[in-house]
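The structure appears right after this line, and notes come after that.
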Amino acid sequence: MIVLATTERQMPWGCLRSTNASKVKVVLEEKGLAYRLERMRPGDLWKKPPEFLARHPLGKVPYIEDDGHLVFDSTVINEYLEEAYPEPRLLPGPVRERARARMLENFCDEAVLVGDLPGIWMPYWSPPEQRDADRMEKARNGLRQRALPYLEKSLGEHDYLCGAFSLADVGFMAMAMVLQVDGFALEAFPKTQAYLERLRARPSYRSIDPRTSLEDSAGSAP
Ligand SMILES: N[C@@H](CCC(=O)N[C@@H](CS)C(=O)NCC(=O)O)C(=O)O
């Protein structure tokens, strides 16, 4: 059985979740694996108590324990899950297509999840009066200038980035969650808008949907 360490919190504006851990949650759901969550207190991400550092040397989420075997970092975890539990496959077969999926996954990590998205997402973990509206708008503009044009171009005429749903899409599923809470307008990026709607319609999105309660998104294992 798999235990996923993450941070999730009920706020008046929805259930907020770690973006990186959401990448893993989506893959566990897509593969139909039994898992349960270990929800860290958000403060532990900053205080980093020793028992947390003993599992992840940087004191970050996500990490998983698969029958006690520890794996950390969302990208490494998802590659591990793909190899350990190959069905359904979430990476293309041909080596060049697989490299493209990994490039897009990495682009999402660097440009979106580490890049511009935290400037939009972190303020939602605080009450509205504590948010810096100018900084949030600057982060939105960052997305509009870099990640969204590249995503729009990379989608081409495909439903998903690599044709079929793959690991290249899971980081953008976490972005879809954040932009849903933010009410981010995507009219200037029509392919991306349709793509994010398509991602939100997948059954696996329910586990990270801001409207899904904490009780209803705690995993499929007792
Ligand atoms: N590259 C890591 C990044 C993990 C990460 O930054 N997680 C955030 C939560 S979404 C965190 O734990 N932040 C606390 C910190 O940076 O110390 C991954 O993909 O798992």
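Could you please find all residues in the stretch 191-222 being aliphatic (A, V, I, L, M), in contact with a Leu (Cβ under 8 Å, 6 or more places away or on another chain) and within 20 Å of Ile2 (Cβ to Cβ)?
If the condition is that a residue be aliphatic (A, V, I, L, M), in contact with a Leu (Cβ under 8 Å, 6 or more places away or on another chain) and within 20 Å of Ile2 (Cβ to Cβ), then Ala218 is the only one that fits.
What pairs come out if I take residues in the stretch 56-77 that are closer than 11 Å to Ala5 by Cα and pair them with residues that are hydrophobic (A, V, I, L, M, F, W, C) and in a loop (DSSP other than H, G, I, E, B) whose C-beta lies under 7 Å away, six or more apart or interchain?
Partner pairs satisfying both residue conditions: Val61/Met40.
Inspect all residues belonging to the stretch 188-195 and state whether any of them is at pLDDT 95 or above and in contact with a strand residue (DSSP E or B) (Cβ under 8 Å, 6 or more places away or on another chain).
Checked against the condition, which is being at pLDDT 95 or above and in contact with a strand residue (DSSP E or B) (Cβ under 8 Å, 6 or more places away or on another chain), the stretch 188-195 yields at least one hit.
Would you point out the residue of the stretch 144-178, among those that are within 19 Å of the chain's Cα centre (by Cα) and without any contact (Cβ under 8 Å) to a residue 40 or more places away in the chain, that is nearest to Trp13 (Cα to Cα)?
Step by step, filter the stretch 144-178, then rank; the result is Ala176.
Is it the case, given these coordinates, that Leu45 is within 12 Å of the ligand (Cβ to nearest atom) and among the aliphatic types (A, V, I, L, M)?
It is true that Leu45 is within 12 Å of the ligand (Cβ to nearest atom) and among the aliphatic types (A, V, I, L, M).
Which of the residues belonging to the stretch 1-21 are within 10 Å of the ligand (Cβ to nearest atom) and out of contact with any strand residue (DSSP E or B) (no Cβ under 8 Å at 6 or more places or on another chain)?
Within the stretch 1-21, Thr19, Asn20 meet the criteria.
Does Pro88 qualify as being closer than 28 Å to Val3 by Cα, away from the ligand (no atom under 16 Å from the Cβ), modelled with pLDDT of 95 or more and in contact with a Cys (Cβ under 6 Å, 6 or more places away or on another chain)? Break it down into steps so the answer makes sense when it comes.
Details: closer than 28 Å to Val3 by Cα: yes; away from the ligand (no atom under 16 Å from the Cβ): yes; modelled with pLDDT of 95 or more: yes; in contact with a Cys (Cβ under 6 Å, 6 or more places away or on another chain): no.
So Pro88 fails the test.
For the stretch 15-112, which fully contained helices (runs of 4 or more DSSP H) count at least 3 residues that are crowded, with 17+ Cβ neighbours inside 10 Å?
Qualifying helices (runs of 4 or more DSSP H): 19-30, 74-84, 95-107.
In this structure, does Leu104 turn out to be farther than 18 Å from Ser207 by Cα, touching a helix residue (DSSP H, G or I) at 6+ places or on another chain (Cβ under 8 Å) and hydrophobic (A, V, I, L, M, F, W, C)?
The answer is yes for Leu104.
Got at least one residue in the stretch 52-63 being within 27 Å of Pro12 (Cβ to Cβ), modelled with pLDDT of 95 or more, within 16 Å of the ligand (Cβ to nearest atom) and not basic (Lys, Arg)?
Checking the stretch 52-63: at least one residue is within 27 Å of Pro12 (Cβ to Cβ), modelled with pLDDT of 95 or more, within 16 Å of the ligand (Cβ to nearest atom) and not basic (Lys, Arg).
The values are calculated or read from the model by the stated rules, or taken from the named source; none is laboratory data. Given the structure is predicted, the values throughout are model-derived calculations rather than measurements. Don't worry about glycine lacking a Cβ; one is built from the backbone with ideal geometry, like all the others, and counts go over all protein chains shown.
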